[in-house]
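Report on one structure; see the data block that follows.
Read the figures in this text as sums done on the coordinates, not as results from a lab. These numbers were taken from a predicted model, which means no experiment stands behind them. Counting neighbours? That spans all protein chains shown, and the Cβs are built from the backbone with ideal geometry, glycine included.
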Amino acid sequence: MRSFDYARANSVSEATSEASVSADKARFIAGGTNLLDLMKLEVMTPEKLVDITRLDLRDITPTEDGGLRIGALVTNSDLAADATVRRDYAVLSRALLAGASGQLRNKATTGGNLLQRPRCYYFYDTAMPCNKRDPGSGCSAIGGATRLHAILGASEACIATHPSDMAVAMQVLGAQVETERASGEGRLIPLAEFYELPGDTPHIETVLEPGELITAVILPPPPGGTHVYRKVRDRASYAFALVSVAAVIGMDGGRMARVQLAFGGIAPRPWRSAEVEDLLQGEAPAPALFDRAADLLLADARGQGGNDFKIPLTRRTLRAVLAEATGMGDSQ
């Protein structure tokens, strides 16, 4: 691990001020469950760490419109166990419990979870070219080992996937990310607009500016309906998703009156398709309809050899989730 400067912030303004001094060479640290590993491997080499663990960002509080404000330092364990989250946002609790291990969830924070770096083998191997580490050097994953990689939203410059389970559930719930810049100006960014697709600049993963700090995640009022989170992975725990589906489905008179879907493990960001949701909205559940939804979702899907299996796997997982959420059983 390379040497670095260290500062411990006592306020949000102090944190953003400390981070902005070093521009894009500074990083915030709280749980450190991803950042420290990357620093040890010299995948990330920040010149300065700004410790934000003393900041008052650990509360889960109701908002005026009936939603929920989740402080950026709320741990994954505390968020999953919160009574309101378990009752009103069950898909989020289930997604959190599907991620990592109990020990990591006890340390990992809400803000840090959103900012996880990809688990691409080549991103972690500094001997291999990687456009995320070294823009313009090439993507070793293309033509390489691609089992964990994207089938949607990728580019010729990068095919890595976003690894967070929590972010998939946040996406399906329509969350917003609350931030503060060094100037003191705050922003409220829809999660749907928070992540950048790789395009020609895969090293730019979010819309955050240097020194901008996530202070909270805002959830809208509870959506109701049936909540499902299904994660398909290589082993039962401590494994990243090959495919995951988060669903919130509300039924009325035998038809799907509310349809919210998000997907993990298949794209560079938590993936949501308004077209698929619109296709299902107001319709009676049926296997043929679920197939049409999968066809629409996967119309532009592209495998890389080692991850070709994700296309039929996504289809089967979507069908199973929709069947479960609409009361048709798990065998459809």
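Given H placed 1.01 Å from N in the peptide plane, which residues other than close sequence neighbours of Met256 have an amide H under 5 Å from its amide H?
Close amide H contacts, sequence-distant or interchain: Gly282, Glu283, Ala284.
What pairs in Lys48/Lys107; Lys40/Lys132; Lys132/Lys231; Lys231/Lys310; Lys25/Lys132 have C-alpha atoms more than 23 Å from each other?
In this structure, Lys132/Lys231 exceed 23 Å between Cα atoms.
Along each of its three principal axes, how wide is the spread of alpha-carbon positions in region 112-265, in whole angstrom units, largest first?
56, 44, 27
What net charge do the residues around Tyr124 carry, taking every other residue with its C-beta under 14 Å from that of Tyr124, with Lys and Arg at +1 and Asp and Glu at -1?
With Lys, Arg at +1 and Asp, Glu at -1, the net is +1.
Once you mark the trypsin sites (Lys or Arg not before Pro) that are in a DSSP loop and have at most 11 other Cβ atoms within 10 Å, what is the longest gap between them in the chain? Write out the running numbers ahead of the final one.
Numbers: sites that count: Arg2, Arg235.
In short, 3-234.
Once you have a ≥ b ≥ c as the square roots of the Cα gyration tensor eigenvalues for region 242-332, tell me rounded if a/c is under 1.5, and otherwise prolate or oblate according to whether a/b is larger than b/c.
Because a/c hits 1.5 or more and a/b exceeds b/c, region 242-332 counts as prolate.
Could you give the dipole magnitude of region 68-134 about its Cα centre, charging the beta-carbon of Lys and Arg +1 and that of Asp and Glu -1, in debye to the nearest 20?
Approximately 60 debye in magnitude.
Net charge within 14 Å of Leu208 by Cβ-Cβ distance, Lys/Arg positive one each and Asp/Glu negative one each, not counting Leu208 itself?
Once all neighbours under 14 Å are counted, the net charge is -4.
If the elastic network links every pair of Cα atoms under 10 Å, which of Val321, Val276, Val21 fluctuates the most in the Gaussian network model of the chain?
In this elastic network of the chain, the residue with the biggest mean-square fluctuation among Val321, Val276, Val21 is Val21.
Kindly write out, for region 297-303 in residue order, the coupling ³J(HN,Hα) from the Karplus curve 6.51 cos²θ - 1.76 cosθ + 1.60 (θ = phi - 60°), rounded to whole Hz, with x marking Gly and Pro.
Once rounded to whole Hz, the list reads 4, 9, 4, 9, 5, 9, x.
For region 125-134, take each phi angle, set θ = phi - 60°, evaluate the Karplus expression 6.51 cos²θ - 1.76 cosθ + 1.60, and give the result in whole Hz per residue in order, putting x for glycine and proline.
Taking θ as phi minus 60°, the curve returns 9, 6, 7, 10, x, 7, 5, 6, 7, 9 Hz for region 125-134.
Per residue of region 244-253, in order, report the coupling 6.51 cos²θ - 1.76 cosθ + 1.60 (Karplus, θ = phi - 60°) as ³J(HN,Hα) in whole Hz, putting x for Gly and Pro.
9, 9, 10, 9, 10, 10, x, 9, 8, x
If a/c stays under 1.5 just call it rounded; otherwise compare a/b with b/c (prolate if a/b is bigger, oblate if not). Do that for the chain, with a ≥ b ≥ c from the square roots of the Cα gyration tensor eigenvalues.
The shape class here is oblate.
Out of residues 5 or more away from Arg119 or on other chains, whose amide H comes under 5 Å of its own, with H placed 1.01 Å from N in the peptide plane?
Amide H neighbours of Arg119, under 5 Å, 5+ apart: Thr161.
Among rounded, prolate and oblate, which fits region 186-255 when a ≥ b ≥ c are the square roots of the eigenvalues of its C-alpha gyration tensor, a/c under 1.5 means rounded, and a/b larger than b/c means prolate?
oblate
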